[in-house]
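The numbers here are math on the coordinates, done by the rules we state, and not lab data. Predicted model, so just to flag it, every value in this text is computed and none were measured. Here Cβ is always computed from backbone atoms with ideal geometry, including for glycine, and neighbour counts include all displayed protein chains.
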């Protein structure tokens with residue numbers, strides 16, 4: 001099945017059918033293979049995404065590797081740039097064939113975030129790809145948690161041109177969390193717009209189910225599969241396995257964790273997505 005060329009196709013399907021696409025942060029072959037194997041096993045559309053640190057680690061070869069895996073998968077796979085930092089990075093990934101990119105203007109004041117997002121959404125759309133934006137902060141490497149203001153979200157959606165909006169309603173990078181579902185429902189009611197959650201590894205499954213029903217179409221998963229990969233490496237070393245066997249264990253640990261997340265998000269059995277041939 002071909003790479004999903006435009007993330008808007010997947011997000012529209014997720015909104016219509018009430019599931020969320022798991023977006024797995026991957027930085028090497030084994031993580032990406034594990035996620036794709038999970039998608040194929042569950043007949044689920046997924047997203048392989050790269051954070052700026054992943055691109056610092058793997059660069060253009062990593063982007064090419066992910067595209068090759070996506071194009072060869074029997075399940076629909078989109079490629080996404082997570083926390084894009086500006087035009088150069090975003091345009092570079094669009095030229096690499098990414099289906100979706102994020103501009104993280106959460107550090108800007110609202111007017112400037114809207115202005116820059118509007119400009120970059122036009123760039124993404126020129127490549128027939130989607131653009132994600134963010135209001136609020138999710139903690140972890142991005143500072144303290146700052147919840148999304150529903151009134152600001154409403155204005156942002158109608159003025160920015162972003163296709164999806166990452167909203168901070170309680171999830172936090174690298175942490176277990178419960179969501180402020182009342183706030184999420186308020187944002188959904190005001191905007192009617194597809195939403196994204198970051199820090200998805202630790203969100204309680206009951207809250208995931210509720211969030212999907214409110215219009216969350218993408219949930220980011222990074223910490224959970226990173227921990228799974230590291231556990232696989234530790235087990236392999238302690239068992240005295242050679243490097244090929246160790247890499248296999250790492251990949252399988254990632255696959256199993258990815259399958260768990262796919263099922264929680266209601267994504268299993270949602271393939272094929274409406275992907276143009």
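Filtering region 213-257 to residues that are in a loop (DSSP other than H, G, I, E, B), under 26 Å from residue 15 (Cα atoms) and without any contact (Cβ under 8 Å) to a residue 40 or more places away in the chain leaves only 214. Taking residue 265 as the residue in question, decide whether it is crowded, with 19+ Cβ neighbours inside 10 Å, free of Cβ contacts under 8 Å to residues at least 60 places away in the same chain, within 18 Å of residue 11 (Cβ to Cβ) and within 15 Å of the chain's Cα centre (by Cα). So residue 265 does not fit the description; no.
Can you tell me which residue is surrounded by the most Cβ atoms within 10 Å (Cβ to Cβ) among those in region 186-197 that are part of a loop (DSSP other than H, G, I, E, B) and either at negative phi or touching a residue at least 60 places away in the same chain (Cβ under 8 Å) (or both)? Restricting to residues being part of a loop (DSSP other than H, G, I, E, B) and either at negative phi or touching a residue at least 60 places away in the same chain (Cβ under 8 Å) (or both), the top hit is 194. Among residues that are buried (at least 24 other Cβ atoms within 10 Å of the Cβ), in contact with a helix residue (DSSP H, G or I) (Cβ under 7 Å, 6 or more places away or on another chain) and assigned to a helix (DSSP H, G or I), residue 70 is not included. Does residue 58 fit the bill of being within 27 Å of residue 119 (Cα to Cα) and either part of a helix (DSSP H, G or I) or in contact with a strand residue (DSSP E or B) (Cβ under 9 Å, 6 or more places away or on another chain) (or both)? The answer is no for residue 58.
If the condition is being under 18 Å from the mean Cα position of the chain (by Cα), within 14 Å of residue 195 (Cβ to Cβ) and part of a loop (DSSP other than H, G, I, E, B), then region 141-178 contributes 162, 163, 168, 169, 170, 171.
Does residue 30 count as in contact (Cβ under 8 Å) with a residue 60 or more places away in the chain, surrounded by fewer than 24 Cβ atoms within 10 Å (Cβ to Cβ), touching a helix residue (DSSP H, G or I) at 6+ places or on another chain (Cβ under 9 Å) and under 18 Å from residue 222 (Cα atoms)? Yes: the conditions hold for residue 30.
Conditions tested, residue by residue: (1) surrounded by fewer than 24 Cβ atoms within 10 Å (Cβ to Cβ); (2) within 24 Å of residue 90 (Cα to Cα).
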| residue | (1), (2) |
| --- | --- |
| 129 | no, yes |
| 154 | yes, no |
| 158 | yes, yes |
| 177 | yes, no |
| 183 | yes, no |
| 199 | no, yes |
| 206 | yes, no |
| 220 | no, yes |
| 223 | yes, yes |
